[in-house]
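Any read-out appearing in this document is the output of simple, stated calculations on the displayed coordinates, not a laboratory observation. If you're wondering where the values come from, they're calculated on a predicted model, not measured in any experiment. Positions of Cβ are generated from backbone atoms using ideal geometry, with glycine treated the same way; all protein chains shown enter the neighbour counts.
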Amino acid sequence: MCIANISRAWVHLAAVGWMAAALTGCPYGYVPLDPGTGDDTDGQAQYEYDLGFNDGFMRDDYYWKGYDDSFYTRDGGQIYYQGGTLPYVESPPYEAGFWDGVWYAYNDGYFVSYDDAFTIGFSEGYDVGYGPGWKEFLLLDQHVEYLDGGFSDGYNDGFSEGRILGAVDYLEGLPFDWLDAMAYYRAGNDAYLEEIELGTGVYGPVVLYEYGTDPATLLKSEKSTSSAEKQRRRNGLETKGRTVRGGLSLKSNGGDTALVRTYPDAVRARLQVAPTETPRAEGVTLRVSDTTWLQRLEQYRQNAR
């Protein structure tokens, strides 16, 4: 599986509306008044932590900084991820909560950018895979893996999964519909082409990314099962099965929800492009180029509601 994997209790905050969360219970981090005894009988430390977390989490500037850092991380070049540089403090409670909230906001932005690229790549991979030349294309196509969690990785991961669904839909005589294939895939379904022994999910060449993992740390580790021991931060981040990031209302079979904030004008402008070709299949004119990247992302999120 290839999409940023998330497992965090704060998704319940998203379910009730994070913009109205100023005084709600914090999903992470019990911070005692007395670090020695852990005594917080009146809940004051937790209350202050909650306030700090919500104030930090609602900082759009950090969220979009994370999004930009992922967007501009391209093709195995410089890694711009800065989550590891954010302060990590244990007290006072408000400050501890604030920087934890900022950390989640930043990482949301970083991996939502990755996931946006995944959706774009999926649509174009599906496009190229759907046609009579599917077999020749799949046998020659090479999955590219940079292990930086950036935009290029997201695009290539999505492309590699989408190409399989495109070929399967073509072979089964289904209409050309990348959005429907995406919904099928994001619901936790995989596809496998026995003739060429290639498929999505566990069969594909895609490496799992974990939410909150520093790409620089990941690059230093081997592409093996040891990746399950990647850097954890703030009370530990666990992965639970196949978890999918997407629109506000999209739920994976793990029950989690990704929080995608409204695009600012600068981000919308960057996504207002519609390439007629993909680097993975030069010379092939894309049918989905009749819509921009932004339009496809909006279609996907609307479909997921």
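Taking label positions 7 Å along the Cα-Cβ direction at both Asp75 and Tyr88, the computed distance is 3.4 nm, reported to one decimal. Note on Asp265, Asp141: ascending count of other Cβ atoms within 10 Å places them as Asp265, Asp141, the fewest first.
Once backbone amide H atoms are built at 1.01 Å from N, Leu198 has Leu193 as its partners under 5 Å, excluding neighbours fewer than 5 places away on the same chain.
Counting neighbouring beta carbons within 10 Å and listing from fewest to most, the residues Tyr130, Tyr184 come out as Tyr184, Tyr130.
A simple packing score, the average count of other Cβ atoms within 10 Å per residue, orders the peptides 98-109, 149-160 as 149-160, 98-109, with the highest score first. Charge tally for Thr278 (other residues, Cβ to Cβ under 11 Å; Lys, Arg +1; Asp, Glu -1): -3. Residue order for Leu294, Leu86, fewest other beta carbons within 10 angstrom first, comes to Leu86, Leu294.
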